[in-house]
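The values are calculated or read from the model by the stated rules, or taken from the named source; none is laboratory data. Predicted model only: the values in this text are computed from it and were never measured. Cβ atoms come from the backbone with ideal geometry, glycine included; neighbour counts cover every protein chain shown. Each accessible area value is taken on the protein alone, full model and side chains, heavy atoms only, with ligands, DNA and RNA left out. Shrake-Rupley method; radii C 1.70, N 1.55, O 1.52, S 1.80 Å.
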Amino acid sequence: MKVLFVSATDIGGAGRASYRLHKALLKANIDSTMLVQRKNSLDHTVVAPSSKLQQLISKLRPSIDNLPSKL
């Protein structure tokens with residue numbers, strides 16, 4: 001089984017709970033990865049945007065997504 005956790009951050013708020021579940025699955029030998037917008041840990045199983053352009057898009061995405069509802 002492969003598990004993917006998606007969160008805004010890996011440490012803080014709901015991301016903390018997701019990170020704990022992610023680590024528990026890894027300890028149980030289940031293939032788990034965590035995808036976040038902002039990476040605060042040094043954990044190699046947590047993946048975040050790496051290039052400057054990807055980071056910029058990640059920061060602007062919530063505003064862009066809300067734009068149609070404001071129009």
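Tabulated data for the structure shown
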read-out	value
Subset of region 22-32 [open to solvent by 70 Å² or more (accessible area, probe 1.4 Å) and either in contact with an Asp or Glu (Cβ under 9 Å, 6 or more places away or on another chain) or in a helix (DSSP H, G or I) (or both)]	Lys23, Lys27
Meets criteria (open to solvent by 100 Å² or more (accessible area, probe 1.4 Å) and either part of a loop (DSSP other than H, G, I, E, B) or at pLDDT 85 or above (or both)) for Val6	yes
Filter pass, Leu35 being open to solvent by 60 Å² or more (accessible area, probe 1.4 Å), in a strand (DSSP E or B) and aliphatic (A, V, I, L, M)	yes
Answer residue from region 9-21, given it is in a helix (DSSP H, G or I) and without any contact (Cβ under 8 Å) to a residue 24 or more places away in the chain and is surrounded by the most Cβ atoms within 10 Å (Cβ to Cβ) among those	Gly15
Qualifying residue in region 58-69 (condition: of a type outside the set (Asp, Glu) and either surrounded by 15 or more Cβ atoms within 10 Å (Cβ to Cβ) or assigned to a strand (DSSP E or B) (or both))	yes
Failed item in (1) loosely packed, with under 14 Cβ neighbours inside 10 Å; (2) not in a loop (DSSP other than H, G, I, E, B), with Ser50 passing the rest	(2)
